[in-house]
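Have a look at the structure below before the remarks.
Nothing in this text is a laboratory measurement; each read-out follows from the coordinates by a stated rule. Every value quoted in this text rests on a predicted model; they were computed, and no experiment measured them. Glycine gets a Cβ as well: all are built from the backbone with ideal geometry, and neighbour counts include every protein chain shown.
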Amino acid sequence: MSYADFRHRMPLRVRWAEVDKQGVVFNAHYLLYCDVCVTEYWRAVGLNYPDDFVNQGSDLFVRKSTIEYHWSAYYDDELEICGRISRLGTSSMRFVVEIYRRRQYEAVLVTAELVYVHADAVARQSRLISLDVRDRIRTFETVMPEESVEQPLHAS
């Protein structure tokens, strides 16, 4: 993937509370950055997370998260957090995030993959992703997600 593959991009400035003694972003904060990116992604496609999902009796649960660190971000860096849905299954989706230093898009700092299960909010059993959500994703993305049929997954 490259910077151009992402329609959803959001700025974020590294704050003092997010760095360690050396001024480097503490590794766990990158997952927080990813979470903010995902929430803002839903807003960009016209859904209010979590309310619009909960109102339908469903929610999204993280099933897997993987982060790969390529370069460090430092205190006061201006970052650009880019996210897209790269795979859309029957009841799950893979969200990919890449983090760049603003205006330095040739070198990705961090790549992350988050797999979400769309599930019944109470039973926590996988549930089909609605046609409305699928259509919103397809309409929004510039690179179409891979689509697949999968076995049911448990939220946790």
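What is the set of long-range amide H partners of Ala73 at a cut-off below 5 Å, with H atoms built 1.01 Å from backbone N?
Amide H neighbours of Ala73, under 5 Å, 5+ apart: Val25.
With the contact rule set at Cα under 8 Å and sequence spacing of 6 or more, what percent relative contact order holds for the chain?
28 percent
Taking only C-alpha pairs under 8 Å that are 6+ residues apart, what is the relative contact order of region 68-156 in percent?
It comes to 31 percent, rounded to a whole number.
So how tilted is helix 28-44 from the main axis of the chain? Cα-based, degrees 0 to 90, rounded to 10.
So the helix axis and the longest Cα principal axis differ by about 50 degrees.
What's the extension gain from Val122 to Leu32 if we count 0.36 nm per residue and subtract their Cα-Cα distance?
29.9 nm
How much net charge surrounds Trp16 when only the other residues with a Cβ under 15 Å from the Cβ of Trp16 are counted, with Lys and Arg +1 and Asp and Glu -1?
-2
Of all the C-alpha pairs in the chain, what % are more than 21 Å from each other?
46 percent
If we count trypsin sites (Lys or Arg not before Pro) as exposed when they sit in a DSSP loop and have at most 14 other beta carbons within 10 Å, what is the longest stretch of the chain that avoids them all?
Here the longest segment lacking exposed loop sites spans 22-101.
Can you tell me how much longer the chain between Met144 and Asp76 gets when fully stretched, taken as 0.36 nm per residue apart minus their C-alpha distance, in nm with one decimal?
Contour length minus the Cα-Cα distance gives 21.1 nm.
What does a probe at Lys64 reach in region 106-144, counting residues whose amide N is under 14 Å from the point 7 Å along Cα→Cβ?
Answer for region 106-144: 112-117.
Determine the calculated [θ] at 222 nm for the chain from helices alone, applying -39500 (n - 2.57) to every DSSP H run no shorter than 4 residues and normalising by the residue count; nearest 500 deg cm²/dmol.
Estimated from H runs of four or more residues: -6000 deg cm²/dmol.
Please give the length that would be gained between Arg134 and Gln56 if that part of the chain were fully extended, namely 0.36 nm times their separation in residues minus their C-alpha to C-alpha distance (nm, one decimal).
26.6 nm
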